[in-house]
Amino acid sequence: MTKLWGGRFQKSAEAWVDEFGASIGFDQQLVLEDLEGSVAHVTMLGATGILPVADVEAILGGLAQLKEKAIAGELEFSVANEDIHLNLEKMLIDLIGPVGGKLHTGRSRNDQVATDMHLFLKKRVQEAIDLIVTFQQTLVEKAQEHIETIAPGYTHLQRAQPISFAHHLMAYFWMLERDKQRFTESIKRIDILPLGAGAMAGTTFPIDRLKSAELLGFSEVYANSMDAVSDRDFIVEFLSNASLLMAHLSRFAEEIIIWSTDEFKFIELDDAFSTGSSIMPQKKNPDMAELIRGKTGRVYGNLMGLLTVLKGTPLTYNKDMQEDKEGMFDTVHTILGSLKIFEGMIRTMTVNTERLHQAVHADFSNATELADYLATKGMPFREAHEVTGKLVFTCIQKGIYLLNLPLEEMQQESALIEADIYDVLAPEVAVRRRHSLGGTGFEQVKIQIDKAKACLVKH
C-alpha cells in the first residue's frame, strides 16, 4: 500500500514494523479533535485565499461526513495508515477525491497532533474540574449533617484528640480545592495553539494563525514554531496535577477502607460501591476504594514515563513523542472515573454515629484537655504535660479512662484540679472549646463550611 508520505521511498516496511510504529490503536481517541482542527485549518486556508472557495467547501463537506460517521462509530481505522491524521486524510481523499489532499496545505502532522492534544486536554481538564466541584458539594452536604458528630482524630494512626466528623471530611474539601485551582491554572498553558508551526519552522504559505486560534477558541498561539511542536509541558503538568489529585483520593480511600472494617465500624459503604467474596458469604469489601488506591500507582507511572521520554529528546519533534498519548489517555480515564466513584461512595455512605460516640468515650484523646486545663491555671505546660501523663498511666493500670478517675486521685498529682475537670474532659466540650480559627470547634466548622460554599459559588 502506498504511504501518503511514500514518494521518496523505494521499499515498503514489513507489516510487523508498520504495526510497531503505528499509533492508530490509541490515538483514534483524538478523532473528533483532529476533525475539529482540520475544519478550522481549511476554513483559515479559504479565508486567506490559499485555497479556492470550491475546494474549501468540498473539504468541509467531507469532514462533516467523517464527523457524522465518527460519532456513529462507523469509521474503520487501518494500521497501514499509521495514525489518526493519515487515516482521516485517506478517508477524506477516498470520499471527495484528490481535492482532499489539499487539506494538509500549510501544516504538518507535528503541529497537527500537538493541536489535537491541546484540544483534547482543554475539554478533559474542564470535565475534571466539574467533577471535583460535584464531589466538593457532596462533601459539604455530608459535613453539614455531622457538624456535631464527635469522632476520634488520629496522628500516627493512634487516637489523638476528639474532633467534629465534619471537620475531618472538610479537610478533603480543601485538598480538592487546591486540586481544582491547579487544574484551572493549567488551562492557560493548555490554551495555546501550535497549529501553523508546520513541521518545526513555520510555513511559506500566508496563513493566519490568529484566525485559526479564533476558530478553535484558543486565547493565544505559540510564539516559537520549534517550541510549538516540541512542547509537552502541558501534558506533564496535567499528569502532575492528576498525580496530586490521586494522592488525595488515595489517602481518603485508605481511611474509608479502615473506617469500614469491623475493628472500626465508623461507616458502612453502600452496596453499590462494595463487593462480596466468592468463598466467604459474610464479606462486604470496599473494592472501589481499594481500586482507586491502586490506580494511583498507574497515574504516578504515567507521569514518570513521560518525564523519562522527554528528558533526552532534542528539539524538535521526535518519534519518542508518540509515547506521550497513552499515559495521558489512561490518566484522563482514571481520574474522571475515580472522581465519579468517590463522589457516589461518600454521598451514599452511612456514618455510624453511635459507634463514633462510643469510640471517643473509650480512649485518652481528651488528655490534652487536662494538660491545657492545668496550663490555664498557671502551671507551665511542660509540667502539666507530665502530670497528665502520670494520670493516664494510672488509668491504664486501673483499666479505666480519665473521665472515670476519682477526683481525689487526680488531686494527688495536682491540687489545681477541681470538680469542673469532668466537664472539661467531656469529648463534646473538648471539641466545642477548640474555637481557634480553622479549628474543629462546631462554630469554626460552620464558618469553614460557609467559606467552602463561597468557593463553590465562585466556581
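Worth pointing out:
- Accessible area of Lys451 in the full protein assembly, 1.4 Å probe (Å², nearest 10): 130 Å²
- Surface exposure of the chain, expressed per residue as accessible area with a 1.4 Å probe, stands at 48 Å².
- Ordered from highest to lowest accessible area with the whole protein assembly present and a 1.4 Å probe, Arg189, Arg382, Arg434 read as Arg382, Arg189, Arg434.
- Counting Lys and Arg as +1 and Asp and Glu as -1 over every other residue whose Cβ lies under 10 Å from the Cβ of Gly196, the net charge comes to +1.
- Members of Lys69/Lys123; Lys188/Lys325; Lys142/Lys284; Lys284/Lys340; Lys67/Lys180 lying beyond 27 Å, as alpha-carbon distances in this model show: Lys67/Lys180
- Relative contact order of the chain, pairs being alpha-carbon contacts under 8 Å that are 6 or more residues apart, as %: 16 percent
- Surface calculation, 1.4 Å probe, protein heavy atoms: Phe120 sits at approximately 10 Å² accessible.
- The Cβ shell under 11 Å around Leu310 holds other residues with a net charge of -3, Lys and Arg each +1, Asp and Glu each -1.
- Span from the the range 80-109 Cα centroid across to the the range 196-266 one, whole angstrom: 27 Å
- ³J(HN,Hα) computed for each position of the range 109-117 - Karplus, 6.51 cos²θ - 1.76 cosθ + 1.60, integer Hz, glycine/proline x: 4, 5, 7, 5, 5, 4, 4, 4, 6
- Going by accessible surface with a 1.4 Å probe and the largest first, Met170, Met379 read Met379, Met170.
- Cut-off under 5 Å, modelled amide H: who pairs with Ile163 long-range: Ala151, Gly153
- Rounded to the nearest 20 debye, the dipole magnitude of the range 304-459 is 680 debye, with +1 charges on Lys and Arg beta carbons, -1 on Asp and Glu beta carbons, and the Cα centre as origin.
- Label-to-label distance, nm, for residues given as Leu456 and Lys319 (7 Å Cα→Cβ offset): 5.1 nm
- Full extension of the segment from Asp262 to Leu244, taken as 0.36 nm per residue of separation minus the current Cα-Cα distance, would add 3.5 nm.
- Extension gain from Glu127 to Ile400, taking 0.36 nm per residue of separation minus the Cα-Cα distance: 93.0 nm
- 5 angstrom amide H check on Asn285, placed H, neighbours 5+ away: Thr275, Gly276
- Heavy-atom accessible area order for Trp259, Trp174, largest first, 1.4 Å probe: Trp174, Trp259
- Semi-axis lengths, Å, the range 303-361, gyration tensor of Cα atoms, sqrt of 5 times eigenvalues: 46, 14, 5
- Among Ser23, Leu86, Phe165 the positive-end extreme of the charge dipole of the chain (Cβ point charges): Leu86
- The charge dipole of the chain, taken about its Cα centre with unit charges on the Cβ of Lys, Arg, Asp and Glu (plus for the first two, minus for the last two), comes to roughly 560 debye.
- Computed from the Cβ-Cβ distance with R0 of 45 Å, the FRET efficiency linking Lys283 to Ala171 stands at 0.90.
- Derived scalar couplings between HN and Hα for the range 258-271 equal 5, 4, 8, 6, 4, 5, 9, 6, 6, 9, 9, 7, 5, 4 Hz in order, rounded to whole Hz, by the Karplus curve 6.51 cos²θ - 1.76 cosθ + 1.60 (θ = phi - 60°), x for Gly and Pro.
- Neighbour net charge for Glu214 - beta-carbon separation under 13 angstrom, K R +1, D E -1: -1
The values are calculated or read from the model by the stated rules, or taken from the named source; none is laboratory data. Keep in mind that what you see is a predicted model, and the values were worked out from it rather than measured. So basically every Cβ, Gly included, is an ideal-geometry build from the backbone, and we count neighbours across all protein chains shown. Surface accessibility is based on the protein's heavy atoms, side chains included, excluding ligands, DNA and RNA. Shrake-Rupley method; radii C 1.70, N 1.55, O 1.52, S 1.80 Å.
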